[in-house]
Structure formats: structure tokens, C-alpha cells
Amino acid sequence: MLDLRVIRDDPDRVRASQRARGETEEVVDELLAADESRRASLAEFERLRAEQKSLGKEIPRASGDEKQALLDRAKDLAAAVKAAEAAADGAQRRLDELAMVPSNIIIDGVPEGGEDDYVVLREVGERPDLEKVRDHLELGESLGAIDTERGAKVSGSRFYFLTGVGAQLELGILNLAMSKAVEAGFTPVITPTLVRPEIMAGTGFLGAHADEIYRLERDDLYLVGTSEVALAGFHADEIVDLSDGPLRYAGWSACYRREAGSHGKDTRGIIRVHQFHKVEMFSYCREEDAAAEHERLLGWEESMLGAMELPYRVIDVAAGDLGSSAARKFDCEAWLPSQSRWLELTSTSNCTTFQARRLNIRERAEKGTRSVGTLNGTLGTTRWLVAILENHQLPDGSVAVPQALRPYVGGRDVLEPVRAG
RNA sequence: GGAGGCGUCGCCUAGUCCGGUCUAUGGCGCCCGCCUGCUAAGCGGGUUGAGGGUCAAACCUCUCGCGGGUUCAAAUCCCGCCGCCUCCGCCA
């Protein structure tokens, strides 16, 4: 949700942002009109209500015919107040509905266009030079690490078991991510993965992404696709204190995604699955600090990718490919040798005050309160296994373990196939 | 699943039975000022949030968990919901 004052004071900025995203511009004028009519109907209601209240005070003091006359007038007035209130409520609701339509205003410098219009900021590390490339599933199966056949038997397609070193590596990635986060001052959090509709809506996931989300109809709860949802809801309806700097949380959770629109895409292995684990960074900070905080989150992501010894590139995601909440988004993509392409491993979004406004998260300001900025970024997921296995594979089908992960696999520096590959 | 209790402006709390004087009491904490070698104590004032309005103010409206209802009038009466607590049952 955008700040109405921005829409009133600088509608052209909102129009330009909508245009860059390839989204509707007309909503700006509809919003301005709805705001106008809300204020008019509200003023009318408040005028009548004030009159009703002062009349109400005279009644207990009056008596006889005079009192009866006052009662008659008050009764008429009560009906008028009720009608005016209904009109004002209706206008408010119309405005609230419209206010949910525009996406966050993009930050200057975000590339225009769609999915393919990203800008590559940098490429880090060496892509491996492999004669024979095995993909992550082939490697994972031979190491006894990944079992998608039994995953499908038990739960269906896009489910999997991680076994043996697979389970250990996943725990290693996540634990390492958590340790790094705590070291950097984040508060570690294990979050709920079922959330109420208001929280899901507040984070902006019920709009264009609604099909992606599992819903438990009987209980009116949603399964989260990322702990960002729970961490954003953590301080909902609160006034937080940012005087000692940003509030930083590292969430650990299972993540659930329906992958409704991706039939036939990445069906092999564990690249695109219905359930995985993730460590997510989440920051609450002052609006003016958000851009710098975004760079810091990106820095922590890159440090984690470095620890995994992975070749990756950083892209500045184009406006049309941002989620509705994000004003800017950087993705880190690791090299995927089996497909000779880049694979998204992390994504960090600066949501400025967009989420906080919906979730009613504020801080004290010189005068009153104001919405805070929220940001999120990935520090490790199950998917990282894919890049780790493929980039560190050796000619004989074994896999070298990055230094930082060795403690999690019993100190081993190489993982050997458990049966003929 | 069943029974009961509770939810008031940061925290605690008065008010709810019996509707109007609630423009919500008092304490703690916090902020400003006074007093005072310093500190403490004492004294005075301020201290929920949102919206409207205004150059700014004044001022107005809403806000007693949330949403409805009754009434000229609701913290107070009625209904529904949510949350927390206690007990019982069931299950891990």
C-alpha cells in the first residue's frame, strides 16, 4: 500500500512507476477521486455527529414538552447520522480497495521492462571447467543424498527425500546461514509456517501470487512460501523502536509453494519443489536507511555464496519482474553447469514502507509516528544443494565439499558415490 | 471437544451490576519546568493512536480486544467473533 499523501502530492511519480512496471496508470486518478469523495462524506458525517452529541447533552437537563421536542429532533438526527456514517464508511472502503491496487514505487535506477531486462551488476568466481557434466540429481542419487522417486511415491511430483549426506548438507547450509546471521547481529527466529489471511495479505502475496499459495480452507490459514511472511507479521500493529539501528531477524522455516504456473518447468531434481527449507534475513529500518540496508543484505548473501565457493552473478531485477511489494530487488544467481545457465539462489527486496503500511508497523517520529521500511533477503535454501553438487563435482562422480560445510559432513572433504553412478 | 474467567490510553488499575455528570480514575514509568552544593525527595505541567481541518493553530470525529445490534445517548445492555488464562475430557 502506498502513502496516500504521496499519491496526492506527487501523482506523476506513481504514474511513472506504474508505467515502468507495465501496470495500470488510471488507478492513480481513481484514487484521487475516491480520496476526494471520502473526505467530503467524512466531513458531512462528522458535522452531523457533532450536532448529535451536543443535542444529546441537553436532553438529560430538559423536561416536559421541551424534552419531548428535543427527543424528536434527536431521533431524526440519529437517522441522518447513521446514513452519513454509512456513506462515509462506503467511501473509505472504496478508497481502501483502490489503495491496494498500485504496486510499490520503484526506486530510481531500477531497470525498466520485464523478466529479461535485468542488469548484471557483477560476476564473481570461476565457472568450473568440466569435461563430463553430471546434473545434481544424478550426483545426488549416486551419493545417496537425494531421492525423488520415493518423494513422488509418498507425496507426489516435486517432492523429495534428502537422505544421508543430502540431509547433512542441507542442515549444514542452513546452520551456517544461521551462524553467519547471528554473528552479524540478527536475532535467530523459528517461525510459524501457517499464518492468518491478514498477515498473508499484508506482505503482498495474495495479489498476483495468490495461485502460488497453499490454503487450508477449513482453518482459514495459509502455508507460507517464505518466513518473510511471518517475520513481517511479527511486528504487525506495533510501534517499534529503531533508535538503536535496524531490527534484524533471521528466520528459519519450511517453505511451501504450489508452483501452479510452472507445469513442465524444472521438473527434474529439486530445483523447483513444493516444500523446502530456507534461512531468510528480515530487517525493519528507517525509510531513509533502507537503500543502505539493502546493500548490506546483499553483502551478507554474497558472503554466504562465497563460503559455498560458488560462481555467481548479481542482477538488478527489472521493474516488471519485481513483486508488488518490492521497490528494488537484487538476485544472486549461481552457475548451473548441467544447463549452462544461471539459477537464482538468493533474492533480496527493499519493500520501503509498502509492507509496513499494510501491516501497520510504525516508529515514533518527531511528530507522531511513521511507517518503517522492511527488507528481506535469502541466506540459504535447499536449492543451494543443486549448485553445490554441480559446481563441486569431480570427474569420478564424487563431490568436493566446500571448506565451510565440512564440519556438517563429518569433516569429509570429498563425498563418494555409495553405489555405481 | 466441554465448563468457567478475563481483555480499559507503555505497565498496573478505577469505572461495567443500575446507560447521560467518562471530555475514562489513580499509581508507576517517561518527558518538560521549578526548587536544590550534587543526587534523591518535593512541587507544577505533559504523556494512546488514527482521521478531518488549518499557512500554522484553534477546533471536530473516531478509538475502552474486534465487528454488529438496541437507544435520543453505550467502556457500561444484547448478539457474534478473536485472543489469553484455569479446569475437565481426548490425543501425542
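The values are calculated or read from the model by the stated rules, or taken from the named source; none is laboratory data. For clarity, every value in this text was computed on a predicted model and none was experimentally measured. So basically every Cβ, Gly included, is an ideal-geometry build from the backbone, and we count neighbours across all protein chains shown. Ligands, DNA and RNA are excluded from the accessible area calculation, which covers all protein heavy atoms including side chains. Shrake-Rupley method; radii C 1.70, N 1.55, O 1.52, S 1.80 Å.
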Filter result (open to solvent by less than 40 Å² (accessible area, probe 1.4 Å), in a loop (DSSP other than H, G, I, E, B) and among the aliphatic types (A, V, I, L, M)) within the range A:1-37: A:2
Could you say whether any residue in the range A:136-154 is in contact (Cβ under 8 Å) with a residue 60 or more places away in the chain, within 29 Å of residue A:258 (Cβ to Cβ) and either among the aromatic types (Phe, Trp, Tyr) or loosely packed, with under 13 Cβ neighbours inside 10 Å (or both)? no
Please name all residue pairs, on different chains or six or more residues apart, with Cβ atoms under 6 Å, provided the first residue is in the range A:46-70 and is in a helix (DSSP H, G or I) and the second residue is more than 9 Å from RNA strand B (Cβ to nearest atom) and open to solvent by less than 60 Å² (accessible area, probe 1.4 Å). A:48/A:80; A:48/A:84; A:70/A:62
Only one of these is open to solvent by less than 60 Å² (accessible area, probe 1.4 Å) and closer than 26 Å to residue A:177 by Cα: A:260, A:254. Name it. A:254
Within the range A:63-92, work out how many residues are more than 10 Å from RNA strand B (Cβ to nearest atom) and out of contact with any Lys or Arg (no Cβ under 8 Å at 6 or more places or on another chain). 10
Just to be sure before I move on: is residue A:378 farther than 14 Å from residue A:237 by Cα and of a type in the set (Val, Ile, Thr) in the structure I sent? yes
Being in a helix (DSSP H, G or I) and either touching a Lys or Arg at 6+ places or on another chain (Cβ under 6 Å) or not small (Gly, Ala, Ser) (or both) narrows it down to one of A:189, A:133, A:154, so name that one. A:154
Do we have any residue at all in the range A:105-119 that's away from RNA strand B (no atom under 13 Å from the Cβ), in contact with a strand residue (DSSP E or B) (Cβ under 7 Å, 6 or more places away or on another chain) and open to solvent by 70 Å² or more (accessible area, probe 1.4 Å)? yes
Check the range A:354-367 and report whether any residue there is assigned to a strand (DSSP E or B), open to solvent by less than 10 Å² (accessible area, probe 1.4 Å) and under 29 Å from residue A:243 (Cα atoms). yes
Would it be correct to say that residue A:40 is open to solvent by 60 Å² or more (accessible area, probe 1.4 Å), among the hydrophobic types (A, V, I, L, M, F, W, C), more than 6 Å from RNA strand B (Cβ to nearest atom) and within 27 Å of residue A:4 (Cα to Cα)? yes
Filter the range A:317-342 for residues that are under 26 Å from residue A:128 (Cβ atoms) and assigned to a strand (DSSP E or B) and give the result. A:330, A:331, A:332, A:333, A:334, A:335, A:336, A:341, A:342
Filter result (open to solvent by 20 Å² or more (accessible area, probe 1.4 Å) and polar (S, T, N, Q)) within the range A:212-227: none
If you check A:353, A:348, A:378, which single one turns out to be within 16 Å of RNA strand B (Cβ to nearest atom) and in contact with a helix residue (DSSP H, G or I) (Cβ under 8 Å, 6 or more places away or on another chain)? A:353
Number of the condition not met by residue A:172 [criteria: (1) surrounded by 15 or more Cβ atoms within 10 Å (Cβ to Cβ); (2) assigned to a loop (DSSP other than H, G, I, E, B)]: (2)
Extreme residue, nearest to the chain's Cα centre (by Cα), among residues of the range A:43-62 that are of a type in the set (A, V, I, L, M, F, W, C) and more than 7 Å from RNA strand B (Cβ to nearest atom): A:48
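Here is a yes/no grid of residues against (1) assigned by TED's automatic domain parsing to the domain that holds residue A:204; (2) farther than 13 Å from residue A:379 by Cβ; (3) touching a residue at least 60 places away in the same chain (Cβ under 8 Å):
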{"position": "A:290", "(1), (2), (3)": "yes, yes, yes"}
{"position": "A:295", "(1), (2), (3)": "yes, yes, no"}
{"position": "A:299", "(1), (2), (3)": "yes, no, no"}
{"position": "A:302", "(1), (2), (3)": "yes, no, yes"}
{"position": "A:306", "(1), (2), (3)": "yes, no, yes"}
{"position": "A:313", "(1), (2), (3)": "yes, yes, yes"}
{"position": "A:317", "(1), (2), (3)": "yes, yes, yes"}
{"position": "A:326", "(1), (2), (3)": "yes, yes, yes"}
{"position": "A:331", "(1), (2), (3)": "yes, yes, yes"}
From the list A:358, A:406, which one is among the basic types (Lys, Arg) and more than 16 Å from RNA strand B (Cβ to nearest atom)? A:406
